[in-house]
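Okay, structure first, notes after.
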Amino acid sequence: MQKLTITRPDDWHLHLRDGAALKAVLPHTVRQFARAIVMPNLKPPVRSVVDAAAYRDRIIAAIPAGKQFEPLMTLYLTDNTSPADIIAAKASQFVKAVKYYPAGATTNSDFGVTDIRKCDPVFKAMEQVDMPLLLHGEVADRDVDMFDREKVFIEKQLLPLKQRFPNLRVVLEHITTSDAVQFVLAAHNIAATITPQHLLFNRNSLFKGGIRPHFYCLPILKREEHRQALLQAAISGNPKFFLGTDSAPHSRDSKENSCGCAGCYSALHAMELYAEVFEHADALDKLEAFASFYGPDFYQLPRNTEQITLAKTTWRIPDEVPFTESGLVPLRAGQEMTWQMA
Ligand code: NCD
Ligand code: ZN
């Protein structure tokens, strides 16, 4: 196959940042995606409908002239989020979900939840108004091994949460393990997003000839058997699994650092990366539904009607793209791609 035309996709998990960083990265997403679920982990986080409305306005102002893009907003769940915040979010129409980060688990998560059970009144309100809960599905407990934090979260927190709120619609974000795949397959009212990096790489990529900070994201890359399980889920045609890049830009300085930030930048070439994954798995026919149908179906939004075309050509991913004071290194920088969006 030399050309692939599909319905325009959406990105169901994206970090856009703010200010100059937002202006630098947004055009990359807009080139490929019609909509994106925008993560609220700014400093300080997006906690109220008022915060979300202002952030949405800043995103819309940064859309390149003549382009169409719809930011779908989220609220950052804290220990202080109230059921009234949920009612207001639902009424806003533009807040589409609430994001749970365990305190201290990842970038800008200091405001995160200290004990998930404290949020039960909020989850009850979310269940009642049918507001999806998006999970950073890791425990933040330093006594739990880094590579086990997703599995332990599923057993200790997600399973009981689903028992307490069976009708709460949940997205387990950026899944990284076969445990997550199995859980999502078995449970009701739950879906999962899968990133390009977790489909393309296993944890060996973090240490190839030395430490490779641009492959460091959270949840961290896992063993090959887990990558295989994610790949099978992505190409299975099961609507519970859909596209979410978790593109998370950090400047080169803050990645190539003695304490480097977590996050891979894939918004530059996300659809091309996914196309390569699906082609290598002999499943290009499954890409459209994964990228363009199952996400809107879960969020109860209309599917996009326009189309995009990907063509088979070789091009080199730049070493760096302009960002803030220091540049931004895209995922797999300097390497060749075999698909390109027209
Ligand atoms: C994200 C970021 O940088 O905002 N980083 C990451 O590694 N995925 C935060 C997150 O989603 O965990
Ligand atoms: Zn994320």
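The values are calculated or read from the model by the stated rules, or taken from the named source; none is laboratory data. Keep in mind that this is a model prediction, so the values were computed, not measured. No Cβ is skipped: glycine too gets one built from the backbone with ideal geometry, and neighbour counts run over all protein chains shown. Each accessible area value is taken on the protein alone, full model and side chains, heavy atoms only, with ligands, DNA and RNA left out. Shrake-Rupley method; radii C 1.70, N 1.55, O 1.52, S 1.80 Å.
Its relative contact order, with pairs defined as Cα atoms under 8 Å and 6+ residues apart, puts the chain at 19 percent. Positive contributions from Lys and Arg (+1) and negative ones from Asp and Glu (-1), summed over other residues with Cβ under 13 Å from the Cβ of A289, come out at -1. For segment 1-51, trypsin sites (Lys or Arg not before Pro) are listed when DSSP marks them as loop and at most 13 other Cβ atoms sit within 10 Å of their Cβ; the list is empty. Per-peptide packing, taken as the mean over residues of other Cβ atoms within 10 Å, places 307-318, 90-101 in the sequence 90-101, 307-318 from highest down. All other residues whose Cβ lies under 15 angstrom from that of V95 are scored, Lys and Arg at +1 and Asp and Glu at -1, for a net of +2. Rolling a 1.4 Å probe across the protein heavy atoms gives the chain an accessible surface of 40 Å² per residue. Exceedance of the 18 Å cut-off in Cα-Cα distance is limited, within the set K151/K222; K23/K67; K43/K124, to K43/K124. Net charge around V49, counting only other residues with Cβ within less than 11 Å of its Cβ (Lys, Arg = +1; Asp, Glu = -1)? Combined, the nearby Lys, Arg, Asp and Glu give +1.
Of all the options L75, L42, L134, the one that moves most in a Gaussian network model of the chain with Cα springs shorter than 10 angstrom is L42. Between I194, A52, G237, the Cα set farthest toward the positive side of the dipole of the chain (charges on each charged residue's Cβ, about the Cα centre) is that of A52. Taking every DSSP bridge with both residues inside the chain, close to 30 percent are antiparallel. Sorting the segments 219-226, 297-304 by their residues' average number of neighbouring beta-carbon atoms within 10 angstrom, most packed first, yields 219-226, 297-304. Build a GNM of the chain with springs between Cα atoms under 10 Å apart, and of E320, E150, E173 the one that fluctuates most is E320. With a 10 Å cut-off between alpha carbons and a GNM built on the chain, which of T176, T193, T81 moves the most? Answer for the Gaussian network model of the chain: T81. Computed on the Cα atoms alone, the convex hull of segment 10-304 gives a volume of 124 cubic angstrom per residue.
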